[in-house]
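Reviewing the structure listed below.
Read the figures in this text as sums done on the coordinates, not as results from a lab. Computed from a predicted structure; not experimentally measured. Here Cβ is always computed from backbone atoms with ideal geometry, including for glycine, and neighbour counts include all displayed protein chains.
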Amino acid sequence: MTSPASECREDRLTGQLPAPARYPLSARRYLLAALGTARPQPSDSSMPRDFARARARRMKRSARALVWWLPFWYVLAQAVLLATMDDSWPLNHVRVEHAKWKQLHKRLAEAPDRPLVLSLGSSRIDWAFQAGRLDGQPGPDGRPLLVYNFGVPAAGPMHEFLYVNDFLAEGIRPRLLLVEFVGTHFNQSRRGIASEEHWTEPRWISGHQLLFLHRYFRNPRRAIAEWLEGRLAPWYCYRWTIHERLLGNHLRPDPLDQTRRPMDSCGSRMLADDIGTPGYRAWRYYEANKMYGESLQRFQMGAKPVQAMHDLLDRCQREHIAVALVVMPVSKEFSSLYNPQGRADLDSLLAQLRRHYGIEVIDASDWLEQKDFDDGHHVLKTGARKFTTRMIDEVQKLLARTDPPQQVKTCQSP
């Protein structure tokens, strides 16, 4: 007699398994199914083949939809980021430029018949020239002056010429143009050296500005490539700005940082009365030295910024616009950063421009004392007050000595 265990063992050895147990269908749940005819069941050999075909068709349809929708969402994401960057996330100098354009149009629309005195330059003149103190004073012909400070951080001769061309294209013809002679921005563009091209970031400028400025770049191809990258792949190009924004660093600005102080209705920076402790001022001088020290020690006169300055003065001469070059005050320590040859080249260029164009030069380099500076080349509020007091007299003398433009036009609000 064989035991049940031996029978199971024999079944396993012969490969025969016991038939599975079958249970009757529930009469309540499957009543209609039991009464109907049985459906033919697909064979085991055909089922995998049909399933594979259906899966291939589904994948083909999904891939076709993905090919159409992926570019759409990519372009939409890039466009949304560009719109957000232009409106809310621009660099400080881009934000200042946009704000001053808007404010200047408003001022001209309010007083279109007043003679316009316009100052151009970098953050140095933006901080130092309190245009509101001269605004409204009578000119040589008795009419009140309209004075506006269009100083923009990081601007030099290239941007100054850009702004002059944009002014004239919009019908803005100044009675007198005060152009800052930005010595640091005449440095030849090189790797690791501070220059106007170095401070100009192509991905942040408009297509119009790129078309104008690229002729003054030493490497225009690289500038065009960076600009295209910012338009075609902004999520990659602006990744550092996005990262800082997500961390919330824009919500924690330095309360003593004067670059983000508001400006008045005449475009001048409203500087704070107190700029912190002596230790903070020493740190500001250290930062300025770190930013410009090596660049000015290796200063070489750049042909491109010199050409931009000549083009600016040529255009003003053709348009019969009175121009004066302004050499802004700097501390003795900051002036000593230039190498002797670089300092001599700047003085030679300034004398050449004065002689060739017959223009006035306001040399304010030694108007202020050490205590009037924030970091050696930007002024404190006391320095801005002293500088403007002397500038008012200089501007009135220039207006009395120069003839008004032949055609005076002002633009209307767009």
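So which of Lys332/Lys386; Lys102/Lys290; Lys106/Lys332; Lys100/Lys332; Lys106/Lys381; Lys332/Lys381 end up more than 28 Å apart by C-alpha? Don't jump to the answer; show the numbers that get you there.
On the way: Lys332/Lys386 17 Å; Lys102/Lys290 34 Å; Lys106/Lys332 39 Å; Lys100/Lys332 31 Å; Lys106/Lys381 26 Å; Lys332/Lys381 19 Å.
Distance filter (> 28 Å) returns Lys102/Lys290; Lys106/Lys332; Lys100/Lys332.
Could you calculate, for the stretch 285-414, the ratio of the Cα radius of gyration to the Kirkwood radius, expressed as Rg to Rh? Mind showing how you got there, number by number?
Details: Rg = 17.2 Å, Rh = 17.0 Å.
Expressed as Rg/Rh, it is 1.01.
Based on the Cβ-Cβ distance from Arg190 to Leu211, what FRET efficiency comes out when R0 is 25 Å, to the nearest 0.05? Could the numbers behind the result be given before it?
Values: r = 24 Å, r/R0 = 0.97.
Efficiency for this residue pair is about 0.55.
How large is log10 of I(q)/I(0) for the stretch 205-352 at q = 0.10 Å⁻¹ when the intensity is taken from the Debye formula with one equal scatterer per alpha-carbon?
-0.63
Which percent, to the nearest 5, of DSSP beta bridges fully inside the stretch 107-177 are antiparallel?
On the way: 1 of 9 bridges.
DSSP beta bridges in the stretch 107-177 are roughly 10 percent antiparallel.
For a footprinting-style exposure proxy, rank His377, His98, His310, His243 by other Cβ within 10 Å, fewest first.
His243, His98, His310, His377
Using Cβ counts within 10 Å as a stand-in for footprinting exposure, how do His320, His378 rank, fewest first? Mind dumping the intermediate values first?
Values: His320 12, His378 24.
Lowest to highest Cβ neighbour count: His320, His378.
Using a 10 Å cut-off around each Cβ, can you sort Lys397, Lys100 from fewest to most neighbouring Cβ atoms? List each step's numbers first, then the result.
Numbers: Lys397 13, Lys100 19.
Lowest to highest Cβ neighbour count: Lys397, Lys100.
For the stretch 326-387, what is the convex hull volume of the alpha-carbon atoms per residue, in Å³? If you can, show how the numbers build up before the last one.
Numbers: hull volume 4.5 nm³, N = 62.
Here the figure is 73 Å³ per residue.
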